Amino acid sequence: MALWSGRFEDSPSEFAQAFGASLETDLNMIHEDLAGSAAHARMLGEQGIISPEDAQAILEGLEAIHHSMHDGTFEVDPAVDEDIHMAIERILTERIGEAGARLHTGRSRNDQVALDTRMMAANLADEIWRALWTLEGVLISLAKDYDDVVMPGYTHLQHAQPVLFSHHMLAYFWMFARDFDRITEAYNQATLNPLGAAALAGTSYPIDRSKVAEDLGLPGVIPNSLDAVSDRDFLLDLEYACAVAMMHLSRLCEEIILWSTQEFNFISLPDTWSTGSSIMPQKKNPDFAELVRGKTGRVVGDLVGLLVLMKGLPLAYNKDMQECKEGALDAATTLSDCLLVMAGMLADITVNAEVMEAAAAQGFTAATDVADYLAKRGMPFREAHEVVGKLVLDCEKRGIGLEDLTLEDLKAASDLFDDDILGTLDVRSVVEARTSFGGTSSASVAQQLEFAEERLAQMRSLVE
Ligand code: ARG
């Protein structure tokens with residue numbers, strides 16, 4: 001019999017009961033439910049709303065349920081337990097009697113599920129922090145291990161200007177650092193106490209909501225009871241942060257997949273993070289990177305699903321909201337797993353430095369530098385652009401690179417050219433010339449690396 005069966009003369013069919021249940025998903029927040037109930041019971045006892053003996057019995061009962069989960073004697077019953085809140089209250093009351101039936105005083109499942117979901121979101125954020133931190137560490141190691149490797153930098157996937165491989169890796173570092181901040185914001189939004197809102201309007205019992213918040217380590221209390229039970233924005237924040245992080249992973253995966261093709265051959269994937277083909281014996285496929293790229297769609301779907309779920313809901317609680325948890329769990333666990341997969345894979349890639357450097361020299365990637373040379377000698381940049389464009393065209397026709405031009409060739413294009421241009425057009429000189437803050441010269445990248453390491457240390461303080 002359901003805990004709300006009093007006003008009913010008949011019960012839902014087994015099928016309807018199963019359809020309305022959230023028990024399976026709720027198994028992910030048992031600990032949160034037990035902790036929330038314990039804080040509520042302690043407060044009820046301290047406020048004299050229930051007797052100290054009843055409060056004590058409830059606390060011991062909840063503790064025993066916690067232990068019974070580990071020894072396998074905790075048994076939910078899908079035939080009667082609609083959700084984890086009802087299951088725990090039923091088991092508690094069966095075990096300790098009347099005191100258990102007093103636990104729900106001044107509380108509703110509406111504020112209870114809001115609290116549990118918030119604490120679950122905070123735990124998911126914590127897991128993501130760890131995984132992000134792990135990946136960030138790998139990106140920094142790659143930037144350090146390959147600090148003198150030059151690769152082509154691209155725009156429109158066409159060779160643009162040479163960059164350091166470290167610089168490229170650190171670009172991802174900063175993307176994931178922003179993800180870390182977004183997860184932190186979601187965590188901050190989640191860790192507020194909705195309990196005490198009861199069904200929607202608050203309660204006539206002399207409860208102390210701050211006490212419950214303090215007990216649970218939550219820094220604040222939601223000031224409006226209607227908002228407390230009807231808000232799922234903290235899940236939107238979490239899922240948005242997950243979707244953006246997955247989008248970042250997906251971009252990285254796309255590069256990994258391209259770089260490991262025969263055409264690029266910039267990197268080789270470790271055997272441990274590659275798969276073969278059932279028919280083509282020679283194949284070594286980047287399945288894991290493809291799968292992470294693919295899972296991005298799912299996580300974006302989770303975010304959109306929640307936005308659509310919430311968009312038409314009147315205040316306050318609506319059963320629709322029961323659907324909010326699965327997407328959040330899926331988004332967060334998918335992201336955590338994907339971050340760890342990428343960390344594992346990237347830690348063991350082989351960087352084919354010579355191939356990258358040779359590619360960086362292709363495609364006239366020093367052209368901007370030649371134009372800058374002329375501009376620094378007084379030619380308006382737009383004019384210099386035109387002169388160098390013509391030089392490139394000429395080189396292309398002759399099948400040579402800009403660095404192969406003689407001083408005579410150059411002087412024929414502009415008498416501003418002098419012999420100091422020679423020897424500055426190789427990819428390394430071009431890279432080293434970019435000394436601006438955040439640029440790709442080894443000095444700038446070394447400075448950037450210092451900032452990144454500071455940032456990693458800050459992240460560490462949150463994951464510990
Ligand atoms: N299982 C429900 C959920 O996940 C708990 C809240 C139920 N409240 C209600 N009034 N039916 O949303």
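Here, each number is a calculation from the coordinates, and none is a lab measurement. Since this is a predicted model, take the numbers as computed values, not measurements. We place every Cβ from the backbone using ideal geometry, glycine too, and count neighbours over all the protein chains shown.
Shown for Lys283, Lys411, Lys319, Lys295: other C-beta atoms within 10 Å of each C-beta, ranked fewest to most, produce the order Lys319, Lys283, Lys411, Lys295. Would you please classify the overall shape of region 249-302 from the alpha carbon gyration tensor, given that a ≥ b ≥ c denote the square roots of the eigenvalues, rounded means a/c under 1.5, and beyond that prolate means a/b larger than b/c while oblate covers the rest? Cα axes put region 249-302 in the oblate bin. Convex hull volume of the C-alpha atoms in the chain, normalised per residue: 201 Å³. For Val221, the shell of other residues with beta-carbons less than 15 Å away shows a net charge of -2, using +1 for Lys and Arg and -1 for Asp and Glu. Taking a virtual spin label 7 Å from the Cα of Ala18 along the C-beta vector, which residues in region 52-93 bring their backbone nitrogen under 16 Å of it? Answer for region 52-93: 77-83. Computed over region 1-96, the percent of Cα pairs more than 24 Å apart is 28.
Helix 233-259 and the long axis of the chain differ in direction by around 30°, with both axes built from C-alpha atoms. Find how many whole Å separate the alpha carbon centroid of region 43-97 from the alpha carbon centroid of region 265-282. Each part's Cα centre sits 52 Å from the other's.
The count of lysine pairs in the chain whose Cα atoms are under 28 Å apart, excluding pairs fewer than 8 places apart on the same chain, comes to 13. Put a dot 7 Å past the Cα of Gln56, heading toward its Cβ, do the same for Asp418, and the two dots end up 9.4 nm apart. Legend: translational diffusion of region 119-171 by Stokes-Einstein, Rh = Kirkwood radius over C-alpha pairs, 10 °C, 1.306 mPa s; D = 123 µm²/s. Axis of helix 30-46 versus longest Cα principal axis of the chain: the two differ by about 50°, to the nearest ten degrees. Shown here: region 1-45, whose C-alpha atoms stretch 36, 26, 10 Å along the first, second and third principal axes, sorted largest to smallest. Across region 341-464, Cα pairs under 8 Å and at least six residues apart give a relative contact order of 19 percent. What is the ratio of the Cα radius of gyration of region 71-161 to 2.2 N^0.38 Å, with N the residue count, to two decimals? Output field value: 2.11. Here is the size of region 413-458 from its Cα atoms: Rg then Dmax, 15.8, 53 Å. Residues Thr368, Thr261, arranged from fewest to most other Cβ atoms within 10 angstrom of their Cβ, appear as Thr261, Thr368. If I fit a long axis through the Cα atoms of helix 442-463 and take the longest principal axis of the Cα atoms of the chain, what angle between them do I get, 0 to 90°, rounded to 10? Compared with the principal axis, the helix lies near 10 degrees. Working from Cα pairs under 8 Å separated by at least six residues, relative contact order for the chain is 17 percent. Protection proxy ranking of 49-58, 184-193, 328-337, 428-437, by the mean of other Cβ atoms within 10 Å over each peptide's residues and highest first, is 328-337, 184-193, 49-58, 428-437. Modelled this way, with points 7 Å down the Cα-to-C-beta line, the labels at Thr261 and Arg460 are 3.9 nm from one another. When you restrict to C-alpha pairs under 8 Å that are six or more residues apart and normalise by the size of region 144-294, the relative contact order lands at 18 percent.
Rounded to the nearest 500, the helix-only mean residue ellipticity at 222 nm of the chain stands at -20500 deg cm²/dmol, with each DSSP H run of n ≥ 4 adding -39,500 (n - 2.57).
Projecting label points 7 angstrom from Cα along Cα→Cβ for Lys376 and His70 puts them 6.7 nm apart. The Phe8 and Ala199 beta-carbon pair, evaluated with R₀ = 22 Å, returns a calculated FRET efficiency of approximately 0.75.
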